[in-house]
Each structure stands twice: as structure tokens, then as C-alpha cells.
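Derivation of every value follows stated rules applied to the coordinates shown; laboratory data play no part. Given the structure is predicted, the values throughout are model-derived calculations rather than measurements. Reconstructed Cβ throughout: ideal geometry from the backbone, glycine too, with neighbour counts over all protein chains shown.
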Protein chains: 2
Amino acid sequence: MNLNKYNQIYQSLSSDIVEGKYETGDTLPSEHKLLKSFGVSRETVRKALNLLQENGYIQKMKGKGSVIIYNPSMNLTVSHLTSFKEVQEQQEKIYDTKVYSLEKRPAKDCPPVQEALDLDDEALVWELIRQRLYEDRTHIIDTDYFMYDMMPGLTEEIAGGSIYEYIEERLGHKISYSQKEITFSPMTELDIELFGPIQPPYTANVKSVVHLNDATPFQYNVSKHLASEFKFVDFSRRFTGE
Amino acid sequence: MNLNKYNQIYQSLSSDIVEGKYETGDTLPSEHKLLKSFGVSRETVRKALNLLQENGYIQKMKGKGSVIIYNPSMNLTVSHLTSFKEVQEQQEKIYDTKVYSLEKRPAKDCPPVQEALDLDDEALVWELIRQRLYEDRTHIIDTDYFMYDMMPGLTEEIAGGSIYEYIEERLGHKISYSQKEITFSPMTELDIELFGPIQPPYTANVKSVVHLNDATPFQYNVSKHLASEFKFVDFSRRFTGE
DNA sequence: CAGTGGTCTAGACCACCTC
DNA sequence: AGGTGGTCTAGACCACTGT
């Protein structure tokens, strides 16, 4: 994994930053020093630095250098596509996952799903509802739809663990990109059943359509959070170019 | 503006895609063809294609080509840092802006602002509250704090237009990146005064700290939306490398 | 096999910042 | 003037995809 050089350099520098070897406001060694110390060409170093910049670790400044702008309180940036399990590992909370239901259904029962996953009328989908519990209380309800044909062997046991791990490691697919939408809505009856009588009875909903490397949409996910506990953190840049 | 070649190529290709010269699922001409037709080197074409990929226009596939994945319903991606005015122009709604108040205040009256903008106890800030109206109803309340020293000449008139335009074009600063947080909260008294007695009395809040090119934080913004109308759209990629 | 994108190199010129 | 990052080039080799 991670065979290419610029990713190795990125990993190396980003962990230095996270571990505090550089303070916020410090500058990284210059590109010239880095290319010497890593024994690579300048463009290779620059690719690594661009990754650091895109992900909010540094700000490059012409004539000055690469300044560390990393802010530890920002490291729960949900913006980059990660599975629930990956997000969880960054934070300190450990949730239990409980599978509420796993059913095979006709795609055409749920038009938004059928459309988002680009399925014909005969296609089947898995419908998976999971609760994320912390100290015996449900904090998140995840509802997922997957193309049945892609993973006919899905079981409750797999669904209770990391589905992404299953898809990437067992099925050999590569997960690539997603479109997300965040909205707020009143709880449904099912929400109240699973969350309990929480006030206010609103949820924050993160809907995402996740695509594989070859651009096929394979997952339709709605993740409902208790609205009052919800926080989405993002880092974004205005333009990439001049 | 946009002197460099890869940005020109990016602009050219992205507008072709938006205008529908390519359908979703089509492939772009190969890198080889593009470098010949634009008369540039391959790395230059690739920088443009990487921008297209990062911004969700295409998905590059080894051995196949660059496939269009652009989805018109996705073009209101708020994720990339844009001013309210810029976002508004992408959508079709036209809001009126009304300045509710513009006051000079000591930074230390508001500790979160003082900390985020990295100000000392004597520093002053502008506090600006604006309503965004659509058909005579307030839909968004924007509360902003700016460093007073950076723009002592701020007026209600400027605040009623595009502050970003003022900062970038008149003051010559470059806006670079921001950290955002999305949360949900009950309305305050001021919210109810400005929004009116809306049900449910909750707002979706986008808090952002915006930084200039030289990494100085210059704006602290809280944008409150009616919870039931709020929608945040995002495009994100899992990894950039292998 | 030919065509595609992915990585990497060595070198060039430029714009910006600091001294 | 010397150091920094930003852009661009021409060429190389590799891995993947299709026929």
C-alpha cells in the first residue's frame, strides 16, 4: 500500500505535524531541503506539499515557505470521505453498533434510491438499518442501501462491523468519491422509537451517495444524528489556482 | 487574471462540461489529444484534469480515460469557499440584504471571536448583522466580525453589498481558506425578532473562520438559516493517492 | 498490441520575500 | 542577491484497459 513516493512523503510530514514536531506558525523545511533529504525530484516533493495544503495542514507562501496552519481541534474533519468506523477511530468515543434490520427489497419501492444507484425496475437492494449506541443510548441511526448483486453474501455479522472493510478488502472494490447533503428534519416515528423521546425531536441528516473508482454508485446512505449533538467540521479553500 | 495555462484549460473544459458539450458518462479527449490541441506539455494538461477531478467534474480511470461524472443538481456545492453573493448567483433565488446593525466593539467582549481572530485585549472589531430577505421574509441572518484595523473605512453601504469584493478588490487582500462548522440550535430572542415567529424555532448555523493568503484570520462569521430550509451540499473524495 | 492514465526526473524561467 | 515557492517542459518508465 502507498507505493508512490509523494504519498510516503505526505504521510511522513503529516504525522510529524500531527505529533507536534512542528508548531502552528512554524515553517516546514524548504522544497530544496526536502528534495535533498528525501532524495527525490522537486515535483515529487511539491505533490506531497500540495496534498498537505489541500488537507489543511499547511499554507504555502511564495517567497516565504510552507507555514503550518494545522489546528488539532480540527482533526475531526468529516469532510473527507471516511466510513463511520474510520471517523470513530479519530474521535475518542467508542460506539456500539446494533443491526436493527437487514432486508432484501425491490429497488423500485424506494424511488430516490433507485435513481441514485441507477437501478432498473427489477433490481434488488439491501436495506440496512443500524443504531450507533454510546453508553446504551442511540446517537446515530444509519440507513443504507446497497446494490444486492454486488454483495449477495452480506450478513448481519458483516453489517455489524465495517462494511467498507468488507467491500474494499473482501470484494476488492475501490471506494472513490461521494456527494453529501446535510439537512435537518423532525423525527419520524421510527426515529423516536430508536432514539427515545429526545428533545428537541429533530435530527441532522447526512445523506450521501458513494461511488466506486469506476464511477458506479454503490451505496445510498442516510445518517441521522441527534440534532442538538450534531457538529460537522469542514476545511475548504477558495481557489486552487491564481 | 488566470494567467497560467492549466487554469485556462480547466476553465475551458469545465465550462464545456457545464454547458453540456459532454454528457455524463462520456469521456474527455485523452491527455495526448488535449496536450496537442492546447499546445502544452502533458503535466500541464494533467494539472487541469486534476482540478476537474477534485471539483467533481470527472473521474479519471487508468487505461480508460477521463469520464464525466458532473451532475447539474450538484452545482450548488457550498463546500468551496465562496461569499454569500457568489453562492447566490449560482442559485436562482435573489435575496435582498438588509444591514441590521454595524458597530465597533472591543474584541474582548466576545471571547470566541477574540480567540479565533487572534486579537489582543485592546483590539477592536466590527460587528455586523445582516438579514437576507426573500419575498420580504428573512431566511438567513449573517453575523460577522472583522478586525477593525484591517478595514477602518467599512460602512453600512459597503456591508450591504459584497464585503468580499471590497476586501479583495479595494483592499487588495487574498482570501484563501476557511474552517467551517455546521450545528443546530434553538432560536435566540434576536433570531425570533428577525425571523419572525417561525415554527420550528430552530436554526442551522454555519460558523466559519476565514483566513487570508498569509494565514491571518480576518473574518468570524455565523450564518443562521431556518432549519427546515437548510441544505448543505458537498463533494468529497476518499484519497488523492493510491 | 496500442492507447490510456500514474509517477518521476532534471532542468528551466519566473514572481515574490528578505536582507 | 539569494532563497523561497509557482509554472512549464520533454522525456522516461510503469500499470491498466481494450482489441
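For GluC sites (Glu not before Pro), the sites in region A:91-194 that DSSP calls loop and that have at most 11 other Cβ atoms within 10 Å are A:E92, A:E122, A:E135. Modelled spin labels at B:N213 and A:M61, positioned 7 Å past Cα toward Cβ, are 1.2 nm from each other. Close amide H contacts of B:L117 (hydrogens built in the peptide plane, cut-off under 5 Å, sequence separation of 5 or more or a different chain): none are found. Listed by chain and number, the aspartates and glutamates whose alpha-carbon sits under 19 Å from that of A:K5, ignoring those within fewer than 8 places in the same chain, are A:D16, A:E31, A:E43, A:E54, B:E43, B:E242.
How high is the relative contact order of chain A, in percent, counting Cα pairs under 8 Å that sit 6 or more residues apart?
Values: 378 pairs, mean separation 38.1, N = 242.
Result for chain A is 16 percent.
So, R0 is 45 Å and r is the distance between the beta-carbons of B:E23 and B:D121; what FRET efficiency does that work out to, to 0.05? After rounding to 0.05, the efficiency reads 0.15.
Based on alpha-carbon positions alone, could you give the equivalent ellipsoid semi-axes of region B:8-65 from the gyration tensor, as √(5λ), descending, whole Å?
With the √(5λ) rule applied to region B:8-65, the semi-axes are 16, 13, 11 Å.
With its label point put 7 Å out from Cα toward Cβ, A:E168 sits 3.5 nm from the same residue's point in the other copies, in order from shortest. What separates the Cα centres of region B:163-196 and region A:156-203 is a distance of 30 Å. Helix content alone sets the calculated 222 nm mean residue ellipticity of chain A: runs of n ≥ 4 DSSP H residues at -39500 (n - 2.57) each, divided across all residues, give -7000 deg cm²/dmol. Evaluated at q = 0.19 Å⁻¹, the base-10 log of the normalised Debye intensity for region A:101-152, with identical point scatterers placed on the Cα atoms, takes the values -0.62. Within 10 Å of the Cβ of each residue in B:59-67, the mean number of Cβ atoms contributed by other protein chains is 2. Ranking of B:I167, B:I175 by neighbouring Cβ atoms within 10 Å, starting from the fewest: B:I175, B:I167. The largest-to-smallest principal axis extents of the Cα set in region A:180-242 are 50, 29, 13 Å. Between the listed residues A:S185, B:L171, A:Q114, the Cα displaced farthest toward the positive end of the dipole of the protein assembly as shown, a dipole computed from Cβ unit charges relative to the Cα centre, is found at B:L171. Neighbouring Cβ atoms from other chains, within 10 Å of the Cβ of residues in A:6-18, number 1 on average.
Once you order the gyration tensor axes a ≥ b ≥ c over the Cα atoms, which shape class does region B:115-237 get: rounded for a/c under 1.5, otherwise prolate or oblate by comparing a/b with b/c? Let's see the in-between values first.
Working: a/c = 1.80, a/b = 1.51, b/c = 1.19.
Prolate shape, in that a/c is at least 1.5 and a/b is the bigger ratio.
Do the alpha carbons of any pairs in A:K207/B:K62; A:K47/B:K60; A:K64/B:K174; B:K98/B:K224; B:K60/B:K180 sit beyond 22 Å of each other, and which pairs?
On the way: A:K207/B:K62 29 Å; A:K47/B:K60 18 Å; A:K64/B:K174 16 Å; B:K98/B:K224 15 Å; B:K60/B:K180 29 Å.
From the list (A:K207/B:K62; A:K47/B:K60; A:K64/B:K174; B:K98/B:K224; B:K60/B:K180), the Cα-Cα distance tops 22 Å for A:K207/B:K62; B:K60/B:K180.
Kirkwood analysis of the Cα pair distances in the protein assembly as shown returns a hydrodynamic radius of 24.6 Å.
With both labels modelled 7 Å from their Cα along Cα-to-Cβ, the A:D136 to A:E229 distance reads 1.5 nm. For the protein assembly as shown, a simple Cβ point-charge model (Lys and Arg +1, Asp and Glu -1, everything else neutral) yields a dipole of about 2040 debye relative to the Cα centre. Averaged over peptide A:223-232, the number of partner chain Cβ atoms lying within 10 Å of each residue's Cβ comes to 3.
Per the Kirkwood definition applied to all pairs of different Cα atoms, how many angstroms is the hydrodynamic radius of chain A? List each step's numbers first, then the result.
Details: mean 1/r = 0.0490 Å⁻¹.
When all Cα pairs of chain A are included, the Kirkwood radius is 20.4 Å.
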